[in-house]
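No value in this document is a laboratory result; all are computed from the given coordinates. These numbers were taken from a predicted model, which means no experiment stands behind them. Cβ coordinates were reconstructed from backbone atoms using ideal geometry, including for glycine residues, and neighbour counts include every protein chain displayed.
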Amino acid sequence: MTTPADREGLELARQIAARARGARPTTRPKARKAGDLEPVGDVLAEVIEQSGWSSRIGLASLLGRWPELVGPVNAAHSKPEAYVDRVLTVRAESTAWATSLRQLAPQLVAVLNAKLGDGTVARVVVIGPQAPSWKKGRRSVPGRGPRDTYG
């Protein structure tokens with residue numbers, strides 16, 4: 001089964017291959033002499049810009065440098081989980097680390113916007129650990145189940 005990311009990747013590869021062969025791109029054409037080949041990096045940068053993927057790719061590269069952004073100690077206890085509608089969601093391994101990262105969130109927004117461009121990240125939401133599900137099987141008993149401090 002292909003995911004939307006797989007389809008986007010295939011489309012990107014097709015556009016790059018077409019541009020490298022000198023074929024007319026599906027978006028705005030760039031004037032150049034016949035027979036001249038463009039460097040793949042230039043073609044890739046132009047396709048990414050025209051597709052509107054630059055902020056997503058920039059964010060993915062920055063999230064790959066997560067320890068650099070939040071420090072190695074914080075990075076060891078948290079991980080970025082999602083980026084939707086300019087909101088970055090980070091999951092912490094405990095409630096104590098979630099509290100600590102919530103205090104760091106405004107600085108993190110400033111760093112990400114400085115690296116990606118103003119307005120790329122509007123907010124950072126820090127969530128605690130995910131509680132295990134005690135409802136397993138057909139014969140689970142309704143009710144709150146075992147109580148403990150999960151998130």
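What to note about this one:
- Cβ-Cβ under 9 Å pairs, at least 6 apart or on other chains, the stretch 92-103 side in a helix (DSSP H, G or I), far side among the basic types (Lys, Arg): Ala98/Arg91
- In this structure, Asn74 does not satisfy being part of a helix (DSSP H, G or I) and under 21 Å from Ile48 (Cβ atoms).
- Residue check for Pro129: under 19 Å from Asn74 (Cα atoms) and either hydrophobic (A, V, I, L, M, F, W, C) or in a loop (DSSP other than H, G, I, E, B) (or both): yes
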